[in-house]
Amino acid sequence: MRPSTKPSAAPVVSVVTPAYNEAENLPLLYAELGKALDNEVRWEWIVVDDHSTDATFKVVAQLAAKDPRVRGVRFTRNFGSHRAILCGLERMKGECAVVMAADLQDPPEVVPQLLAKWREGLKVVWAVRAKREGVSPWSLMMSRLYYFMMRRFVGLKDMPAEGADFLLLDRRVAEALREFHENHFSVFAMITWMGFPQAGVVYDKRARLHGTSGWSLEKKLKLALDSIVSFSYQPMRLISGLGFFSVVGGGLWLAAQLSEPAGLGEDWTRFAAVVLLVSGVQWMMLGVLGEYLWRALDEARRRPRFLIEESTE
Ligand code: UDP
Ligand code: MG
């Protein structure tokens, strides 16, 4: 009997998978995990169903009934994959966790390489995408822009430039994550910010096997804003800077106009354009402040980050 199937032996690695409408992919991923890990390490698999509309939870329950290493929970509503990852990490029994998507874009064969780095003493090991199959040039560009901004503008320099959502983290990192109580966050940005020793292992990200991406443009935009607002006050600094230059520039221009014999009011259309422009900038500034204010209010409510509808245990 393989050591990994002994229910008494605690797992070394807990694979955590957020899943939204992944009923077709989960059995295949389970088989691939077995192939890649059974002879390597004792493992368990925690699948968090982010309130799928297909049979995802039924599939997880069937797998769990067959194999005690598989556990699953289902959210009461779609809370997003980052909260699902946190939920899985709260339930881990292993000494380390590997976070991977359900759609087989992240190959389980990479996990032993991540484990090797962890055994060298690293606390966070990113699986860094070299090639990305099946991604449109537009998505690729937006993703590059996001990670560039996170590294340069927000200041999280350790975030892999190529982007990463497949990683290993030590139990200590997962426990430290429980100290964070915020509701609007990127779990990957939070892990980078914590500052544990990190490294990367390069792999080729495959195309999604079945189904479509659960990340709509709206969800991506929300995540980008959350990532900036929760780690940076640069947008507010930018606003102050813009305001300062606007006041100085406007004052100088007004002085120049007043010294002319024709004075103000001759070309009112140009004046109207300036008013529109300035008020537009001000609305944008209010919007930026609103992003911070709304998040501060929402955090003050201290609502739970997720609610569980059912679980396989
Ligand atoms: N996911 C989730 N909730 C969502 C959207 C996605 O739990 O609202 C899961 C999804 O099932 C997958 C992982 O998060 O396991 C990554 O999402 P996806 O593959 O759809 O995103 P992409 O690869 O296109 O960035
Ligand atoms: Mg995917």
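The values are calculated or read from the model by the stated rules, or taken from the named source; none is laboratory data. Because the structure is predicted, anything quoted here is derived from the model rather than measured. Glycine also receives a Cβ, built like all others from the backbone with ideal geometry; neighbour counts cover every protein chain displayed.
Residues to consider are Lys219, Lys205; find the one that is among the basic types (Lys, Arg), under 24 Å from Glu22 (Cβ atoms) and in contact with a strand residue (DSSP E or B) (Cβ under 7 Å, 6 or more places away or on another chain). Show your work before the answer.
Working: Lys219 fails: in contact with a strand residue (DSSP E or B) (Cβ under 7 Å, 6 or more places away or on another chain).
Unique residue meeting the criteria: Lys205.
If a residue counts only when it is under 16 Å from the mean Cα position of the chain (by Cα), which helices (runs of 4 or more DSSP H) contained entirely in the range 76-155 have at least 1 such residues?
On the way: elements: 81-90, 111-119, 137-152.
Helices (runs of 4 or more DSSP H) meeting the threshold: 81-90, 137-152.
What number of residues within the range 61-84 are in contact with a Leu (Cβ under 9 Å, 6 or more places away or on another chain) and among the aliphatic types (A, V, I, L, M)? Lay out the reasoning, then the answer.
Residues of the range 61-84 that are in contact with a Leu (Cβ under 9 Å, 6 or more places away or on another chain), as a first pass: 63, 70, 72, 75-77, 79-80, 82.
Add one more test, that the residue is among the aliphatic types (A, V, I, L, M), and what stays is 63, 70.
Of the residues in the range 61-84, 2 are in contact with a Leu (Cβ under 9 Å, 6 or more places away or on another chain) and among the aliphatic types (A, V, I, L, M).
Here is a yes/no grid of residues against (1) surrounded by fewer than 21 Cβ atoms within 10 Å (Cβ to Cβ); (2) under 27 Å from Glu291 (Cα atoms); (3) of a type in the set (Ser, Thr, Tyr):
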site	(1), (2), (3)
Leu156	no, yes, no
Met159	no, yes, no
Leu169	no, no, no
Arg172	yes, no, no
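For the subset of the range 204-250 comprising residues that are away from ligand 1 (no atom under 16 Å from the Cβ) and not in a helix (DSSP H, G or I), which member is farthest from Asp106 (Cα to Cα)?
Of the residues in the range 204-250, the ones away from ligand 1 (no atom under 16 Å from the Cβ) are 225, 228-250.
Now narrow it down to the ones that are not in a helix (DSSP H, G or I): 232-233.
Numbers: Ser232: 30, Tyr233: 34 Å.
Of everything passing the filter in the range 204-250, Tyr233 is farthest from Asp106 (Cα to Cα).
Any residue at all in the range 28-46 that is in a loop (DSSP other than H, G, I, E, B), more than 18 Å from Ala9 (Cα to Cα) and within 13 Å of ligand 1 (Cβ to nearest atom)? Reasoning before the result, please.
To start, the set of residues in the range 28-46 that are in a loop (DSSP other than H, G, I, E, B) comprises 38-42.
Applying the additional criterion that residues be more than 18 Å from Ala9 (Cα to Cα) yields none.
There is no residue in the range 28-46 that is in a loop (DSSP other than H, G, I, E, B), more than 18 Å from Ala9 (Cα to Cα) and within 13 Å of ligand 1 (Cβ to nearest atom).
If I filter the range 55-87 down to residues being small (Gly, Ala, Ser) and in contact with a strand residue (DSSP E or B) (Cβ under 8 Å, 6 or more places away or on another chain), which single residue comes out as nearest to ligand 2 (Cβ to nearest atom)?
Ser81
Checking the structure you have, find out if any residue of the range 128-135 is modelled with pLDDT of 95 or more, farther than 19 Å from Ala224 by Cβ and aliphatic (A, V, I, L, M). Reasoning before the result, please.
Taking the range 128-135 first, the residues modelled with pLDDT of 95 or more are none.
For the range 128-135, residues modelled with pLDDT of 95 or more, farther than 19 Å from Ala224 by Cβ and aliphatic (A, V, I, L, M): absent.
What single numbered condition from (1) within 18 Å of the chain's Cα centre (by Cα); (2) assigned to a loop (DSSP other than H, G, I, E, B) fails to hold for Ala174?
Condition not satisfied by Ala174: (2).
Condition first: crowded, with 17+ Cβ neighbours inside 10 Å and under 18 Å from Leu145 (Cα atoms). Now tell me which residues in the range 195-224 satisfy that.
Hit for the range 195-224 is Leu223, nothing else.
State yes or no: is Lys131 under 28 Å from Val41 (Cα atoms), touching a residue at least 40 places away in the same chain (Cβ under 8 Å), basic (Lys, Arg) and exposed (fewer than 12 other Cβ atoms within 10 Å of the Cβ)?
Details: under 28 Å from Val41 (Cα atoms): yes; touching a residue at least 40 places away in the same chain (Cβ under 8 Å): yes; basic (Lys, Arg): yes; exposed (fewer than 12 other Cβ atoms within 10 Å of the Cβ): yes.
For Lys131, the condition - under 28 Å from Val41 (Cα atoms), touching a residue at least 40 places away in the same chain (Cβ under 8 Å), basic (Lys, Arg) and exposed (fewer than 12 other Cβ atoms within 10 Å of the Cβ) - is met.
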